[in-house]
Amino acid sequence: MIIVMKSSATKEDVAKIKEGVEAKGLRTSIVVGEEQTIIGLIGDTTKIDPRSLEVVPTVEKVMYVSVPYKLASRHFHPEDSVIDVSGVKVGGGNYCYIAGPCSVESEEQVIEIAKAVKKAGANMLRGGAFKPRTSPYAFQGMGSTALDILLKAKEVTGLPIVTELMDESHIEEFEEKVDLIQIGARNMQNFSLLKELGKRTTKPILLKRGLSATYEEWIMSAEYIMANGNPNVILCERGIRTFETYTRNTLDLQAIPVLQRMTHLPIVIDPSHAGGKYWLVEPMAQAAMIAGADGLMIEVHNDPECAMCDGAQSLKPEKYEALMTKIKKIEELR
Ligand code: PEP
Ligand code: MN
């Protein structure tokens, strides 16, 4: 249930309603908009008689929300959320451009790539430290050593760091060292991990869409993090599994307008893992920005032929720079 206050309602009017509702055992989420304040009710709303609220002179209207996600819903929070990643704003007209290698391989590699992507216009650096690989025999990432290498690259370039967390035992280390915590496609429904992220960190989370997750399942995963105390979630579409085998996955560009209608959270597109081919990255990245994405996450490698992971979908720094020139033009059109 949502209570929309009149534009003339004061802070005290809002507090009075909040107290009354919470006294009945419900939780509230208050969003102060430019025009109006909205009070979202979370919990068993059968305890509330909407007519008793509708007659309050400071209340404009009372609405029911039938979706199972409340905190992530656009109804509860009509304005776009702007997520602050160590000073880089994402959402509401602020774009994030995350770039870097699939995996951290060495200090020289990461620093060289970090400098190149920064020069090209990236505002965050990615690099996998703990890698979710399909085969247990494949390279699993350099772990904590990689986090320290990313920190050095941050020192040199000033770019905030994005890297994937796979295990809750690393939350404290990520809290200390990482600016944007990525939850990979394979962990999108690891509910115990999502709950811990809500409780143990307020660092922003980049929540990738599961390999075959519906929009609602994906938003419910964001809701898990938010309901446990961390409102800072950015969604990332990275391609879904379809019957097509020519490409690694199929990029769902419809997710951009659909998710923007369903939620207020920013949405970033990862064309690298979607297509799995470097030459698909540029057209899909441009299409995503035209369709309204809040940013891009792109794999860039200085020597893709020799990359430990995902070389085939990685752009060389020159190609990334050329792409970013086109992306900046699209930004101007929006
Ligand atoms: C990645 O970003 O390197 C990655 C493993 O992504 P995903 O979880 O989307 O497969
Ligand atoms: Mn990768």
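List of remarks:
- Relative to the longest principal axis of the Cα atoms of the chain, the long axis of helix 317-333 lies at roughly 30 degrees.
- Computed from the C-beta positions of GLU331 and GLU112 and an R0 of 22 Å, the FRET efficiency is 0.25 to the nearest 0.05.
- Cross-link table LYS11/LYS203; LYS195/LYS328; LYS118/LYS177; LYS199/LYS316, entries beyond 27 Å C-alpha to C-alpha: LYS11/LYS203; LYS195/LYS328; LYS199/LYS316
- Close amide H contacts of GLY128 (hydrogens built in the peptide plane, cut-off under 5 Å, sequence separation of 5 or more or a different chain): SER103, VAL104.
- Between the C-alpha center of the stretch 311-333 and that of the stretch 40-97 there is a gap of 35 Å.
- Percent of beta bridges antiparallel (DSSP, the chain, rounded to nearest 5): 40 percent
- Summed over the residues of the stretch 136-194 and divided among them, the accessible surface reaches 43 Å² per residue at a probe radius of 1.4 Å.
- Rounded percent of accessible protein surface that carbon and sulfur make up, the chain, 1.4 Å probe: 52 percent
- Degrees, to the nearest 10: 215-227 long Cα axis against longest axis of the chain: 70 degrees
- Among residues other than VAL67 with Cβ under 12 Å from its Cβ, the summed charge is +1 (Lys and Arg +1, Asp and Glu -1).
- 1.4 Å probe accessible area per residue over the stretch 2-63, in Å²: 60 Å²
- Stretching the chain fully between GLU19 and LYS119 yields a gain of 30.8 nm (0.36 nm per residue, less the alpha carbon separation).
- Relative contact order of the stretch 83-333, taken over Cα pairs closer than 8 Å and 6 or more residues apart, is 19 percent.
- Distant-in-sequence amide H partners of VAL233 (H built 1.01 Å from N, under 5 Å): ILE205
- Peptides 129-138, 74-83 ranked from most to least packed, by the mean per-residue count of other Cβ atoms within 10 Å: 74-83, 129-138.
- The residues neighbouring GLN260, those whose beta-carbon lies less than 14 Å from its own, together hold a net charge of -2 under the Lys/Arg +1, Asp/Glu -1 convention.
- Cα long-axis angle, helix 144-157 against the chain (0 to 90 degrees, to the nearest 10): 90 degrees
The values are calculated or read from the model by the stated rules, or taken from the named source; none is laboratory data. Since we're looking at a predicted model, the values are computed, not measured. Every residue, glycine as well, gets a Cβ built from its backbone with ideal geometry; the counts of neighbours run over all protein chains shown. What goes into the accessible areas is simple: the full protein's heavy atoms, side chains included, and nothing from ligands, DNA or RNA. Shrake-Rupley method; radii C 1.70, N 1.55, O 1.52, S 1.80 Å.
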